[in-house]
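Trainee: Handing you this structure, nothing more for now.
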Amino acid sequence: MGMKNLKKVAAFIAATVLCMSMSMGVLASSPTDPDQIPGISYGMSLDNEDGPSISAVAVSKDLSEEVEAILQDKNQIKDILINAGYEVKDDQDITVIAASDMELIDPRNGEKVEIPEGGTDFEFYLGADLWSGLSNPNLEGIKNNDTLYILHQKADGTWEVLEATAVVETSGDVTTYKVKAHFDSFSPVAIIKVMSNGKITVLDKNGNETGTITTTEANKGDKVKGESVKVVKTTAEKKSPKTGN
């Protein structure tokens, strides 16, 4: 199957997932338990200017209890951001928009595949504003091109922080919310927004990253591309071998 046809298959699968989500009231993104973190519906690989392009669908799995506990604790999220060199002010409120344990699937056969060396760009679908209202209330206040942040737990249990761009598109009566960022690997992924005075805000960088990894030939696959921040190790250590697959 050629690359062009493969992209069509991936797009068809994504569209099917989107239609199913809408017809079911987007249950995955609208938990009945207010303490439950909404899941990421799916992700699509994009054409990548800085590295290899692939056609694959990122599908979500449930978070482990340990990762979910971290993401439900705003103090731990704040610590991750601070250790990545960001300054979180008292008047800035952090909200986890959605989170899932992501894995990459080949749409031709449904088998798991790895992100190629150097990483690639992805767009995650977060939810929609439908005739019945927002499928995910955490999307409130997000506008196109707003800066969002992605917390990504690496295989060794440490966290990296990526800066991402909100993609908000309206077609007819439906507005979809997505986020675009560069990834070198998958595992637990959380998209967060930072708000101040009811508006999305951008965190200041104090330039004091904790435990920044120096890129070498041995770890160059861990380097975050584009406008993302450097990979940093934080104090949120892995508690179980099941975390950060």
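Trainee: Would you list the P(r) distribution for the range 144-195, with all Cα-Cα distances sorted into 5 Å bins from 0 and each bin expressed as a whole %?
Mentor: Going out from 0 Å in 5 Å bins, the range 144-195 shows 5, 18, 27, 19, 14, 9, 5, 2, 1 percent.
Trainee: Which of 112/193; 180/205; 78/112; 154/205; 61/199 have a Cα-Cα distance over 27 Å?
Mentor: 112/193; 78/112; 61/199
Trainee: Would you mind computing Rg(Cα) / (2.2 N^0.38 Å) for the range 60-194, counting N as its residues?
Mentor: 1.08
Trainee: Going from the alpha-carbon gyration tensor of the range 103-142, what semi-axes, largest first and in whole Å, does one get by taking the root of 5 times each eigenvalue?
Mentor: Working through the eigenvalues yields semi-axes of 31, 14, 7 Å.
Trainee: What do you reckon, how do 154, 180, 143 stack up by accessible area (1.4 Å probe), largest on top?
Mentor: So, going from the largest accessible area down, we get 143, 180, 154.
Trainee: Relative contact order, percent, of the range 123-207 when contacts are C-alpha pairs under 8 Å separated by at least 6 residues?
Mentor: Rounded, it is 33 percent for the range 123-207.
Trainee: Can you pull out the GluC sites (Glu not before Pro) in the range 85-157 whose DSSP state is coil and whose Cβ has at most 14 other Cβ atoms within 10 Å?
Mentor: Passing sites in the range 85-157 are 111, 114, 117, 140.
The values are calculated or read from the model by the stated rules, or taken from the named source; none is laboratory data. These numbers come from a predicted model, not from an experiment. For neighbour counting, all protein chains shown are included, and Cβ atoms are generated from backbone atoms with ideal geometry for every residue, glycine included. Surface areas here come from the heavy atoms of the whole protein model, side chains and all, with no ligands, DNA or RNA. Shrake-Rupley method; radii C 1.70, N 1.55, O 1.52, S 1.80 Å.
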